[in-house]
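To start, the structure under review is shown below, and the notes come after it.
The values are calculated or read from the model by the stated rules, or taken from the named source; none is laboratory data. Just so we're clear, the structure is a prediction, and the values are computed from it rather than from any experiment. Cβ placement follows ideal geometry from the backbone for every residue including glycine, while neighbour counts extend to all protein chains displayed.
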Amino acid sequence: MSEETKMTGTIKLIGETKTGTSKAGKAWSKLSFLIANNSGHEGKEEIFSFGLFGEDKVEKFLKYNKVGSEVDVKYNIECREWEGKYFTNLSAWSVFKAEAEETPADEALDEEVPF
């Protein structure tokens with residue numbers, strides 16, 4: 001059983017949606033987005049690129065997120081080989097508004113919005 005991988009950061013860039021058709025004739029959509037946080041050495045800003053695959057996931061992500069949003073991203077780390085070269089991808093599977101400490105006044109406003 002693998003441990004959940006989660007990262008919090010601010011959305012810095014949302015790429016263009018790419019679409020296509022698989023060999024089986026099914027439509028697909030994918031999107032890349034960048035988040036930044038201060039998890040680097042001595043608080044240095046780090047930037048991470050995530051991929052999001054699936055028409056529903058891409059649509060919901062674009063509906064509920066924008067550049068500047070603070071988000072929690074749950075993801076898998078994937079590595080693939082192609083012609084003797086290896087490529088690593090951070091594959092997002094859940095994106096929510098970042099969790100923050102609540103005050104009583106914030107409780108009514110705080111709701112997680114799935115991507």
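Here are some notes:
- Scope region 6-18; condition loosely packed, with under 13 Cβ neighbours inside 10 Å, under 19 Å from residue 68 (Cα atoms) and modelled with pLDDT of 95 or more; matching residues: 13, 16
- Checked against (1) surrounded by 13 or more Cβ atoms within 10 Å (Cβ to Cβ); (2) closer than 15 Å to residue 98 by Cβ, residue 60 passes all but a single condition, namely (2).
- Restricting region 6-48 to residues that are among the aliphatic types (A, V, I, L, M), assigned to a strand (DSSP E or B) and farther than 15 Å from residue 74 by Cα leaves a set whose member that is farthest from the chain's Cα centre (by Cα) is 27.
- Selection within region 63-88: residues that are hydrophobic (A, V, I, L, M, F, W, C) and either surrounded by 16 or more Cβ atoms within 10 Å (Cβ to Cβ) or assigned to a strand (DSSP E or B) (or both). The member of this set that is farthest from the chain's Cα centre (by Cα) is 82.
- Options 3, 102; residue that is assigned to a loop (DSSP other than H, G, I, E, B) and either under 18 Å from the mean Cα position of the chain (by Cα) or modelled with pLDDT of 95 or more (or both): 3
- Pairing residues of region 29-56 that are surrounded by fewer than 16 Cβ atoms within 10 Å (Cβ to Cβ) with residues that are at pLDDT 95 or above and in a helix (DSSP H, G or I), at Cβ distances under 8 Å and at least 6 apart in sequence or on separate chains, gives no pairs at all.
- Close pairs from region 67-85: first free of Cβ contacts under 8 Å to residues at least 40 places away in the same chain, partner among the polar types (S, T, N, Q), Cβ under 8 Å, at least 6 apart: 78/88; 78/89; 78/91; 79/88; 79/89; 80/89
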